[in-house]
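Reading through the structure tokens given below for one structure.
The values are calculated or read from the model by the stated rules, or taken from the named source; none is laboratory data. Just so it is clear, the structure is predicted and the values come from calculations on it, not from any experiment. Every residue, glycine as well, gets a Cβ built from its backbone with ideal geometry; the counts of neighbours run over all protein chains shown. With ligands, DNA and RNA removed, areas are computed over all heavy atoms of the protein, side chains included. Shrake-Rupley method; radii C 1.70, N 1.55, O 1.52, S 1.80 Å.
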Amino acid sequence: MPDSNALAPAAPTSVEAAPVRWFGTTWVDRGPDYWLRRVSVSVGALVAAAAGAFVMQLAVQGVVVANTGSFVEILLVLAIAVCSCVAALRTWSVLTRGKESLTGWMADDKSLGVMLAVGFVGSLVSYFLRSLVEAPGESVQRSRYELAVAAAARRQAGRKPAKAAKRKR
């Protein structure tokens, strides 16, 4: 009689990995597709950040040409800098620890909407820097995946002795 355990799927294959934006599930085994996507995402984020910085420079120059005064110009530059820093910090936190880890005012998408829109360059820079280390959001998904694999392995290990005990009776 064939062993019924040979037909059962192994614990790691019984858990499906959640896809990461731009990477799908290539982050699980880090094959050639993963590395190609990592380079593409890094370059794309850097190019987008440079283009965004150029657009912001044009916006500031438009205010300078309007002769609104140095106070307004300085205030505009400070506002863009603060918004970029907040967007970069929030994006970094989401990519490294997950959106669930955000607390307080950083967790409220509605109140930060305009600030994140103005500070999109900071968000892109943060995305670029994170893509140099790993796929942005990979650490969050990897920890969830490893917990799910470990739980599946525990469930699989817990079933084997019970089956053996039933057969002996």
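Assess whether Val118 counts as being touching a helix residue (DSSP H, G or I) at 6+ places or on another chain (Cβ under 6 Å), more than 23 Å from Val20 (Cα to Cα), open to solvent by 40 Å² or more (accessible area, probe 1.4 Å) and at pLDDT 85 or above.
yes
Could we say that Val121 is within 26 Å of Ser40 (Cα to Cα) and more than 13 Å from the chain's Cα centre (by Cα) here?
yes
Before we move on, is Val82 open to solvent by less than 70 Å² (accessible area, probe 1.4 Å) and either within 19 Å of Gln57 (Cα to Cα) or in a helix (DSSP H, G or I) (or both)?
no
Which residue, of Lys110, Lys160, is farther than 30 Å from Gly44 by Cβ and either modelled with pLDDT of 90 or more or exposed (fewer than 12 other Cβ atoms within 10 Å of the Cβ) (or both)?
Lys160
Which members of region 135-150 meet the condition of being touching a residue at least 60 places away in the same chain (Cβ under 8 Å) and open to solvent by less than 40 Å² (accessible area, probe 1.4 Å)?
Ala135, Pro136, Gly137, Glu138, Gln141, Ala148, Val149
Which condition number in (1) open to solvent by less than 40 Å² (accessible area, probe 1.4 Å); (2) among the basic types (Lys, Arg); (3) out of contact with any Phe, Trp or Tyr (no Cβ under 9 Å at 6 or more places or on another chain) is the one that Arg97 fails?
All conditions pass for Arg97, except number (1).
Which residues, counting only those in region 14-47, are closer than 27 Å to Val121 by Cβ, surrounded by fewer than 17 Cβ atoms within 10 Å (Cβ to Cβ) and of a type in the set (A, V, I, L, M)?
Leu36, Val39, Val43, Val47 - these are the residues of region 14-47 that are closer than 27 Å to Val121 by Cβ, surrounded by fewer than 17 Cβ atoms within 10 Å (Cβ to Cβ) and of a type in the set (A, V, I, L, M).
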